[in-house]
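The values are calculated or read from the model by the stated rules, or taken from the named source; none is laboratory data. Just so you know, these numbers come straight off a predicted model, no measurement behind them. Positions of Cβ are backbone-derived with ideal geometry, glycine not excepted, and every protein chain shown enters the neighbour counts.
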Amino acid sequence: MKNLTEAAILERENLSKIILNDFISDNNDSIKSKYLLVIKSRTSDCLKLTIYPLNNNRIIKITLREEKISNENVNILINILKNLNVLHTSGLTSKGSNLFYECYLNYDLLEIEDQSLGIIGISINKLKDLIKNIKIEEITLNKRIDSKNEQLDSEY
């Protein structure tokens, strides 16, 4: 039977010598893809890296912030996102008095602008109508993960 997860204990001082291919070599999609999306999330006692194979070198990250969101609006949000090519989602997360939701879409900004009247543009406009505080950014090749980034506390 195949394991659900794999683990390795590594020495912290040798972290820079880790060969990522050793960890993803059994995933055929990762081998075939030209790029990897690496998403870092953390809690007070854990750091998690999630890796997705990609063929695009640009994707969209959408961050939503609200003080309150009704169950009805959560259902509307879910239905809007069903129409988009979502790679990853944070789920609805609370921080302080705010609720946050992040998702990564397998599109770039040009695709969204070119299809502003298509399903992508309509869905983005519905999100903007539903949520007051929305941030849309493009993640590009070689944009580094900033360990000091406190995006949830700023730029809204």
Those residues of the range 1-50 that are within 26 Å of T140 (Cα to Cα), modelled with pLDDT of 75 or more and either polar (S, T, N, Q) or in the same structural domain as L105 (by TED's automatic domain parsing) (or both) come to a total of 4
Taking the range 69-87 and keeping residues surrounded by fewer than 17 Cβ atoms within 10 Å (Cβ to Cβ) and closer than 16 Å to I120 by Cβ leaves N79, K82, N83, N85, V86
